[in-house]
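Engineer: Dropping a structure here in structure tokens format, bear with me for questions.
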Amino acid sequence: MTKRRSLVALLSIGLAMSACASLGEGSASRIDLIKKRGELRCGVSGKIPGFSFLQRDGRYAGLDVDLCKAFAAAIMGDPNKVQYRPLTAPERFTALKTGEIDLLSRNTTFNLSRDASGGNGVTFAPVVFHDGQGLLVRKNSGIRSLADLKGQSICVGSGTTTEQNLNDAFQSLGLPYKPIKYQDLNQVVAGYLQGRCQAMTSDRSQLASARSGFERPEEHEILTDVLSKEPLAPLSSGGDQRLSDAMRWVVYGLITAEEMGITQANVDDKLQEARENPDLTKLRRFLGIEGDLGTKLGLSNDFVVNVIRATGNYGEIYNRHLGPDSAVPIPRGLNQLHRDGGVITAPPFQ
Amino acid sequence: MKRQRSRWLELLLVVVVLTLVGILVNNLAVNLIRTGLGLSFEWLWQPAGFALSEHTLPYQPGDSTAWALLVSWLNSLRVIACSIVFATVLGVGAGAARRSINPLLRQLAGLYVGLIRQIPLLLQLLFWYFVAFLGLPSEPLAPIGALIRLSNQGVSILGLTLSVEFSAVLVGLSVFTGAAIAEVVRGGLDSVPRGQWEAFRSLGIGEALGLRRVVLPQALPAILPALSSQYLNLAKNSTLAIAVGYADLYAVSDTTITQTGRAIEGFLILLLSFLALNLLINGGMQLLNRIVVHPAQRT
């Protein structure tokens with residue numbers, strides 16, 4: 001009898017304690033946590049030149065890294081308060097969901113399954129790079145199109161949409177193929193260069209950056225077949241509107257700055273100009289001199305100024321890492337502003 | 001009094017364990033509700049949507065995810081079973097060689113064990129795959145006629161074709177675990193009193209026969225338990241196959257988890273599959289233990 005009673009007591013203690021354990025979790029935004037911590041934890045790849053890559057001096061650089069800096073500048077006013085977490089493709093969503101990182105800026109394709117609450121349930125910021133999946137082959141292999149790859153081995157990375165796109169493309173053509181799946185892009189490259197596969201597949205930007213590291217890049221070519229749309233965007237864990245709104249408008253701020261011709265070099269002059277001339281209402285609103293756009297987002301009213309000072313506008317970021325003079329030149333193509341024939345555009349700051 | 005105290009300790013332990021389990025389950029439930037995900041296994045019956053580079057049963061990308069997981073589980077099982085055989089042969093050979101009267105054999109076995117045990121398994125797998133196997137020319141080498149054909153597109157032994165990925169995992173796991181087994185065997189042999197060796201040698205019985213009939217039967221009770229834990233390690237280590245492109249259970253689970261976003265369910269299935277695999281190995285070893293170990297020592 002006593003035994004049973006103590007068991008009941010025991011169970012209720014256990015249940016009570018476990019119930020308490022989760023009460024601490026409130027609904028406060030992660031922005032407050034980031035500010036309190038004084039540091040933004042940003043998930044990156046760390047292995048893709050042009051997007052996020054470790055430099056000689058031990059710092060990360062690239063388009064994805066500059067976005068982390070822009071978010072830190074918007075939230076804390078300081079682009080250097082970022083802790084970068086290099087993550088593999090399969091790790092990234094778990095790291096985000098468990099709260100190990102605040103946001104992810106890691107070549108991640110925006111698609112329905114990832115966005116939906118029944119899927120990964122994350123929230124994407126606007127697309128920062130329009131990419132597409134392609135295939136890299138040796139020029140002397142005689143392979144010119146997908147049909148030439150019938151029954152061949154293709155090296156592919158794991159934990160990405162690439163595997164599924166590859167299958168969709170080959171299945172719809174009724175072509176058999178052999179995927180050799182590795183965990184990491186470096187291994188995909190090694191498998192391809194060692195001759196295990198006749199082709200390797202990944203996003204075309206990644207193929208370009210991988211090829212830039214080859215001993216003889218000119219012996220390899222990217223096929224003209226594009227297997228998929230790969231809009232890459234930064235993202236946060238779902239259900240935190242303040243954080244996702246802030247991220248969205250930081251990206252739009254970068255794009256709007258390029259549209260308005262505001263650069264890292266002239267942002268202070270523009271600020272001066274806007275202060276002196278009350279008729280420049282659009283510029284004044286954008287830079288936070290009038291109105292309360294920044295405050296509405298829960299950021300400082302002049303967050304755009306901090307962001308542009310830190311990283312420059314979208315075009316400057318692109319040119320720094322992927323422009324013609326960079327180590328990984330990728331033609332801007334779809335990633336030009338809408339007025340220049342691309343698809344990059346932003347809703348109004350009103 | 002003493003009994004009373006141990007009872008209280010037991011009670012305390014139960015409280016601690018129950019609390020921990022409670023926290024974990026509650027945490028999982030709360031977070032699943034918070035993120036709007038309930039546990040669901042419906043995705044298992046959806047088409048997998050990816051091809052597998054090797055499969056023992058017929059498989060198409062249009063087959064269900066559950067079937068893809070089963071096929072990959074068989075891939076795991078295949079490489080684990082083969083590796084266990086090779087690792088055992090290698091390990092017993094090297095372990096016995098370390099106690100051989102032949103100094104060259106002793107040194108070689110010592111070198112093998114020493115070298116292999118110092119290098120992480122992942123590095124060894126990458127070496128076997130990227131350097132040893134993919135380093136082969138693409139036109140097959142046939143060192144002994146048509147019996148063995150080696151190329152970086154596949155290995156063919158007596159007409160049996162193996163992929164380079166399978167071969168690399170097989171060799172990597174066998175060599176690595178073989179070194180560990182060699183130490184287990186050496187330890188077992190050392191547990192047999194020195195006099196037993198001297199006894200059979202003084203009777204003029206050869207080394208090999210003496211080892212087989214005199215020393216090993218006495219060493220086996222000491223070897224078998226440690227051996228089964230090496231087998232279990234081998235099974236668990238086989239998940240490193242993902243690094244070298246082999247379509248094992250872990251690699252395929254990894255793909256399904258990313259495609260469906262069902263991480264918790266995916267890992268649960270992974271855990272249960274490995275539990276089943278290891279229980280299989282454990283059961284086999286216990287059976288062996290019962291057969292091999294002398295009834296007198298079983299009591």
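Engineer: Determine which single condition residue B:285 fails, assuming it passes every other condition in (1) under 30 Å from residue B:123 (Cβ atoms); (2) outside any helix (DSSP H, G or I).
Structural biologist: (2)
Engineer: Only one of A:253, A:239 is over 24 Å from residue A:345 (Cα atoms), in the same structural domain as residue A:74 (by TED's automatic domain parsing) and either among the small types (Gly, Ala, Ser) or assigned to a loop (DSSP other than H, G, I, E, B) (or both); which? Give the derivation first.
Structural biologist: Values: A:253 fails: over 24 Å from residue A:345 (Cα atoms).
Answer to the check: A:239.
Engineer: Given the conditions (1) surrounded by 14 or more Cβ atoms within 10 Å (Cβ to Cβ); (2) of a type in the set (A, V, I, L, M); (3) within 14 Å of another protein chain (Cβ to nearest Cβ); (4) part of a helix (DSSP H, G or I), which single one is not true for residue B:52?
Structural biologist: Condition (4) is where residue B:52 drops out.
Engineer: Tally up the residues in the stretch B:236-267 that are more than 7 Å from chain A (Cβ to nearest Cβ), within 25 Å of residue B:152 (Cα to Cα) and surrounded by 24 or more Cβ atoms within 10 Å (Cβ to Cβ), please.
Structural biologist: 7
Engineer: Among what's in the stretch B:115-140 and is surrounded by 11 or more Cβ atoms within 10 Å (Cβ to Cβ) and touching a strand residue (DSSP E or B) at 6+ places or on another chain (Cβ under 7 Å), pick the residue that is nearest to residue A:187 (Cα to Cα).
Structural biologist: Ranking the qualifying residues of the stretch B:115-140, first place goes to B:136.
Engineer: In addition: Within the stretch A:102-122, can you find the residues that are at pLDDT 90 or above, away from every other protein chain (no Cβ under 12 Å) and either buried (at least 24 other Cβ atoms within 10 Å of the Cβ) or in a helix (DSSP H, G or I) (or both)?
Structural biologist: Selection gives A:102, A:103, A:104, A:105, A:106.
Engineer: While we're on this one: Would you tally the residues in the stretch A:193-236 being in a strand (DSSP E or B) and under 18 Å from residue A:64 (Cβ atoms)?
Structural biologist: 7
Engineer: Taking the stated definitions as given, is residue A:137 crowded, with 20+ Cβ neighbours inside 10 Å and in the same structural domain as residue A:213 (by TED's automatic domain parsing)?
Structural biologist: Working: crowded, with 20+ Cβ neighbours inside 10 Å: yes; in the same structural domain as residue A:213 (by TED's automatic domain parsing): yes.
Yes: the conditions hold for residue A:137.
Engineer: How many of the residues in the stretch B:135-181 are within 15 Å of the chain's Cα centre (by Cα) and more than 14 Å from chain A (Cβ to nearest Cβ)?
Structural biologist: 12
Engineer: So, one more: Where residues in the stretch B:166-214 are in contact with a Phe, Trp or Tyr (Cβ under 6 Å, 6 or more places away or on another chain) and closer than 21 Å to residue B:108 by Cα, which of them is surrounded by the most Cβ atoms within 10 Å (Cβ to Cβ)?
Structural biologist: The residue in question is B:172.
Engineer: How about the stretch A:288-350: which helices (runs of 4 or more DSSP H) wholly inside it have at least 3 residues that are closer than 17 Å to residue A:257 by Cβ and more than 17 Å from the chain's Cα centre (by Cα)?
Structural biologist: Numbers: elements: A:293-297, A:303-311, A:314-322.
Those helices (runs of 4 or more DSSP H) span A:293-297, A:303-311.
Engineer: Inside the stretch A:145-192, can you point out the residues that are part of a loop (DSSP other than H, G, I, E, B), closer than 24 Å to residue A:213 by Cβ and more than 9 Å from every other protein chain (Cβ to nearest Cβ)? Spell out how you get there, then give the answer.
Structural biologist: If we filter the stretch A:145-192 for residues that are part of a loop (DSSP other than H, G, I, E, B), which is where we start, we get A:145, A:150-152, A:158-161, A:174-177, A:183-184.
Retained after the next criterion (residues that are closer than 24 Å to residue A:213 by Cβ): A:152, A:158-161, A:183-184.
The one that is part of a loop (DSSP other than H, G, I, E, B), closer than 24 Å to residue A:213 by Cβ and more than 9 Å from every other protein chain (Cβ to nearest Cβ): A:152.
Engineer: Can you tell me which residue within the stretch A:209-237, out of those that are surrounded by 22 or more Cβ atoms within 10 Å (Cβ to Cβ) and of a type in the set (Gly, Ala, Ser), is farthest from residue A:330 (Cα to Cα)?
Structural biologist: Of everything passing the filter in the stretch A:209-237, A:237 is farthest from residue A:330 (Cα to Cα).
Engineer: So if I check each of B:98, B:78, which one is of a type in the set (Lys, Arg) and touching a Lys or Arg at 6+ places or on another chain (Cβ under 7 Å)?
Structural biologist: Values: B:78 fails: touching a Lys or Arg at 6+ places or on another chain (Cβ under 7 Å).
That would be B:98, the only listed residue that is of a type in the set (Lys, Arg) and touching a Lys or Arg at 6+ places or on another chain (Cβ under 7 Å).
Engineer: Kindly provide the set of residues from the stretch B:225-261 that are part of a loop (DSSP other than H, G, I, E, B) and under 14 Å from the mean Cα position of the chain (by Cα), ordered by number. I'd like the intermediate steps shown before the answer.
Structural biologist: Step one: of the stretch B:225-261, the residues part of a loop (DSSP other than H, G, I, E, B) are B:245-248, B:261.
Across the stretch B:225-261, the qualifying residue is only B:248.
The values are calculated or read from the model by the stated rules, or taken from the named source; none is laboratory data. It should be emphasised that the depicted structure is a prediction, and the values quoted were computed from it without experimental measurement. Neighbour counts run over all protein chains shown; Cβ positions are idealised from the backbone, glycine included.
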